[in-house]
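First the structure, in the form of structure tokens, and then the observations on it.
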Amino acid sequence: MHDLVIRGGTVVDGTGAARFVADVAVDGGIITAVGHISAQGREEIDATGKIVAPGFVDIHTHYDGQATWDSEMNPSSWHGVTTVVMGNCGVGFAPAKKDKHDWLIGLMEGVEDIPGTRIGRGDEMGLGDLP
């Protein structure tokens, strides 16, 4: 018997692997099994149709720009973060109207202390375009 079994959720594990449907067992606050789990849990959650992101989820990041050049999202990944929430500070990069790109670059250069020359390297920043 497990403390908790989360059943049938779509697991996004933060490794870069494709998402997959699985059960997740937790015992003593630690993930102890991922896959088809036949044992019952003292508590069970039906996660069908939901994303399950085992690991530490950082709900407040400023990675909007860094995500385009840092595939490891350092230093968060060094500390066990497997999922980050971005864009929740109201100063995200995308999408932006083409005539606002320079303004947005200037804003982020000041707010996030990211060099404008680094931000302005074209589409690799993922600015996207709105009509």
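Please treat every number below as a calculation from the coordinates, not as lab data. Owing to the predicted nature of the structure, the values given are computational and were not obtained by experimental measurement. A quick note on method: Cβ atoms are made from the backbone with ideal geometry, for glycine too, and the neighbour counts reach across all protein chains shown.
The label-point distance for residue 3 and residue 20, in a model that sets each label 7 Å from Cα toward Cβ, rounds to 2.5 nm.
Remark: 61, 117 ranked as 117, 61, counting other beta-carbon atoms within 10 Å and listing the fewest first.
In plain terms, the residue of 59, 6 with the fewest other Cβ atoms within 10 Å comes first and the most crowded comes last, giving 59, 6. The distance separating the Cα centre of region 1-22 from that of region 44-83 comes to 14 Å. Residue 29: net charge of surrounding residues, Cβ under 15 Å, Lys/Arg +1, Asp/Glu -1, itself excluded? Result for the neighbourhood of residue 29: -2.
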